[in-house]
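All remarks here apply to the structure that follows.
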Amino acid sequence: MTPNDKTNIILTGVPASPGVAIGKVFLFEDDELVLIEKTIPKNKIKDEITRLNQAIVKTKAELQENQVELNKMLGKSYAKIADAHVLILNDPMLNKDAVALINEGNSAEFAIYKVTEKITKAFDLIDDEYFRERKHDIVDVAKKLMRHLQGKQKKTLADLDSESIVVSKNLTPSDTVSMREVMVRGFATDTGGKTSHTALVAQSLEIPAVVGLKNITSQVSHGMSIIVDGNQGIVILNPSKETQENYKREHDIQAATQKNLEKLKDLPATTIDGKEVVLGANIENPEEVRSVLKHGANGIGLYRSEFMYLTRKTLPTEEEHFSNYSKVAKMMMPYEVIIRTIDLGGDKISKLGLMNIGQEANPFMGLRAIRLCLKYPDLFKTQLKGILRASVNGNVKIMYPMISQIEEIRQANDILNQAKIELRKEGKKFDENIQIGAMIEVPSVAVVADIIAKEVDFMSIGTNDLIQYTMAVDRVNEDVAFLYDPLHPAILRLLKTIIDAGHNAGKSVGMCGEMAGSPEFSIALLGLGLDEFSMSAIQIPKIKNVIRSVSMKDAKNLANELLKCSDRAAISGVIKKFKYR
Amino acid sequence: MTEKKLRVINKLGLHARPASMVVQSAMKFQSTITIVKDEYTVDAKSIMGLMMLAAANGTELLFRADGIDENEAISKMEEIFNNGFGEEI
């Protein structure tokens, strides 16, 4: 019996976007190295070598095009990496051996496959991990070459239909950009965590998704029946009739609950004793604003501007920044729009494949976000000018990400001032008093939030990174993910420190991390005094429901009780007691 | 034939970027240039060969050039090695 005959095969992954979806597998594959055995008659050998050389030329052109883009985006040192790829393609080890194999009567595809196999085997024997891992670069180049040999176009997600559940190893921003307009029922991927690009896109499109399934791509075939359960983080392959019916019922129940929550849309997020908070949305691009307003948000607490950089081939111009941000600002008036300056680097860059060669041993603690911007001030200034100009079209604020010391805010403000001076000279209008905020996501500034609060107009807590950095835990790593605990005493104290520091300086404190959109934490955060919650738009009705059901007095009591806890058991006890109060 | 022992002095070793630099420089010469490390001999014009040497900081490599421009080739290699490939040492 093959696996395809079995019903109800359950795979467990990470729940990335809630909801359930029933549909058919759309297997979205990367380029692949396939072994094609074909004998070439003697009189065709020359043609076969020509075919290989033509494929090499096309691959080289593709690599060089990538190189130009990298150069524009990140500067010469990154583009050097693409140099290495071109050299791999022209390497005598690859070329001479492949030609020798073709001369023996093998196809070009067979020759490339065999040569790559031989080289990767040799790399596997290297002790040093860095050099051993370079085999992936060679395989990447070989895969591109193979694609050109077979004359295949790079696949896109444009062929999807409304029944499709996209199954792939991983989805990059360039993959998903072609998908925005298309109906997809769900996502299931081999890799990724709760904050991976796939998860963010799925949440913004309100499509159920399960990520981190490890090897789902090797277990499914195109068109297979599949259920994605984004609530539990499981995927069911070949579901039985009964399972399908159960899930259909579950789907209907959820749709009904959703309808009830939607009724809250035009009601304020006010506690029963009258304290009102701002519920904002996190977005990646202007198309999401409609959904944001539909869910009753009164602000954009986080506009992730890096999406602009990731879905295109050239660096965005000041005009493009301006028009993009203006669109959002106009649609959101009179509500605020907090634009986070680019948070490129780390995972987002590696997803583009730029970090494959690993210039940085530890990109999460490396050159990213504000650090990258201060190193490349022109790149930063172009964006700042675009934001400044958009400020005449709405209620726009600027937020700097990954601040780890006060000097970074001052340096960023210096560049902002230069941008203002240039705009004045150019006669372009902007809001002279535009508000500046710091994202608090590095423990160093959380601890000294009182110092930061004096320097900025507002602060917004990025809990995803704050918790990871504080707990020293990568929550995508399943062996340690349990340590990622938003209610850990250290996290609660940090949150209190930040919020109190903000309020003492008369500044508002928001939160744009995932914690802000999780109903189980809402009351504690309310009790700690959080002024603004920003989350994925679909979560807003749920959070509003929680806030409207509690009094500020009870919320404060809960927060105080939680702050006294020293371990997980005590925390669970307090929460349980509160629930049944 | 000209020979010269050269040491990898940059912190990160002969990783992809410096390896590209060596290959690009070697390709400018007509001479055959080989690099010997322990029992391995690789072509200096092959980036994969260079990376397979896994030459970390402090590794000593024997360069051999044979051809009409062998002396220039070796002195060019010496120059980029002694410069630490323009990277942090």
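Between 0 and 90 degrees, rounded to the nearest ten: what's the tilt of helix A:519-528 against the longest Cα principal axis of chain A? Helix A:519-528 and the main axis of chain A meet at about 40 degrees.
Dividing the mean sequence gap of close Cα pairs (under 8 Å, 6+ apart) by how many residues chain B holds gives a relative contact order of 46 percent.
Once label points are set 7 Å from the Cα along Cα→Cβ at both A:N260 and A:D378, what is their separation, rounded to one decimal in nm? That separation, rounded to one decimal, is 5.8 nm. Helix A:135-149 and the longest principal axis of the C-alpha atoms of chain A enclose an angle of approximately 60°. Computing FRET efficiency as 1/(1 + (r/R0)^6) for A:N477 and B:E88, where r is the C-beta to C-beta distance and R0 is 30 Å, gives about 0.55. The charge dipole of region A:354-486, taken about its Cα centre with unit charges on the Cβ atoms of Lys, Arg (+1), Asp and Glu (-1) only, comes to about 820 debye.
Computed across the protein assembly as shown, the Kirkwood radius stands at 27.8 Å (inverse of mean 1/r, all Cα pairs). For region A:223-315, the list of chymotrypsin sites (Phe, Trp or Tyr not before Pro) that fall in a loop by DSSP and count at most 16 other C-beta atoms within 10 angstrom is empty.
Antiparallel beta bridges, as assigned by DSSP with both residues in region A:193-318, represent about 60 percent of the total such bridges. How many angstrom separate the Cα center of region A:281-297 from the Cα center of region A:99-125? Using only Cα atoms, the two centres lie 51 Å from each other. Measuring between alpha carbons in the structure, the pairs from A:K330/A:K553; A:K294/A:K420; A:K263/A:K564; A:K259/A:K579 lying more than 31 angstrom apart are A:K330/A:K553; A:K294/A:K420; A:K263/A:K564. Taken about its Cα centre, the protein assembly as shown carries a charge dipole of about 1320 debye when Lys and Arg each add +1 at the Cβ and Asp and Glu each add -1 at the Cβ. Restricting region A:405-458 to GluC sites (Glu not before Pro) that sit in a DSSP loop and have at most 15 other Cβ atoms within 10 Å of their own Cβ leaves A:E426, A:E432. Once both labels are positioned 7 Å from their Cα atoms along Cα-to-Cβ, the gap between B:T59 and B:V36 label points is 1.7 nm. Listed by chain and number, the lysines whose C-alpha is less than 27 Å from the C-alpha of A:K44, apart from same-chain residues fewer than 8 away, are A:K58, A:K60, A:K96, A:K114, A:K118, A:K143, A:K144, A:K152. Extending 7 Å from the Cα toward the beta-carbon at both A:I36 and A:H136 defines two label points whose distance is 2.7 nm. Structural descriptor for region A:42-149: relative contact order 33 percent, calculated from alpha carbon pairs under 8 angstrom and at least 6 residues apart.
Computed over neighbours whose Cβ is under 11 Å from that of B:G49, the net charge equals 0, Lys and Arg +1, Asp and Glu -1. Spatially close Lys pairs in region B:2-86, defined by Cα atoms under 12 Å apart and a spacing of eight or more places or different chains, total 4. Residue separation of A:K425 and A:E29 scaled by 0.36 nm, minus their Cα-Cα distance, works out to 137.5 nm of gained length. Helical content of chain A, expressed as a calculated mean residue ellipticity at 222 nm, amounts to -15000 deg cm²/dmol (DSSP H runs of 4 or more residues, -39,500 (n - 2.57) each, divided by residue number, nearest 500). For region A:513-581, the list of chymotrypsin sites (Phe, Trp or Tyr not before Pro) that fall in a loop by DSSP and count at most 10 other C-beta atoms within 10 angstrom reads A:Y580. Only the Cβ atoms of Lys and Arg (+1) and of Asp and Glu (-1) were treated as charged; on that basis the dipole of region A:269-579 about its Cα centre amounts to roughly 600 debye.
Stretching the chain fully between A:K58 and A:V392 yields a gain of 115.6 nm (0.36 nm per residue, less the alpha carbon separation). Pairing the Cα long axis of helix A:108-124 with the longest principal axis of chain A, what angle in degrees results, from 0 to 90 and rounded to the nearest 10? In chain A, helix A:108-124 runs at an angle near 60 degrees to the longest axis. Averaging the Cα positions of each part gives two centres, and for region A:497-533 and region A:434-472 these lie 12 Å apart.
Rounded to 0.05, the FRET efficiency of the A:H251 and A:D450 pair, given R0 = 60 Å and the Cβ-Cβ distance, is 0.80. In this calculation the C-beta distance from A:H503 to A:K169 is compared with R0 = 56 Å, giving a FRET efficiency of 0.75.
Rule-based calculations on the coordinates, nothing more; no lab input. Values in this document were obtained by computation on a predicted structure and should not be read as measured data. We place every Cβ from the backbone using ideal geometry, glycine too, and count neighbours over all the protein chains shown.
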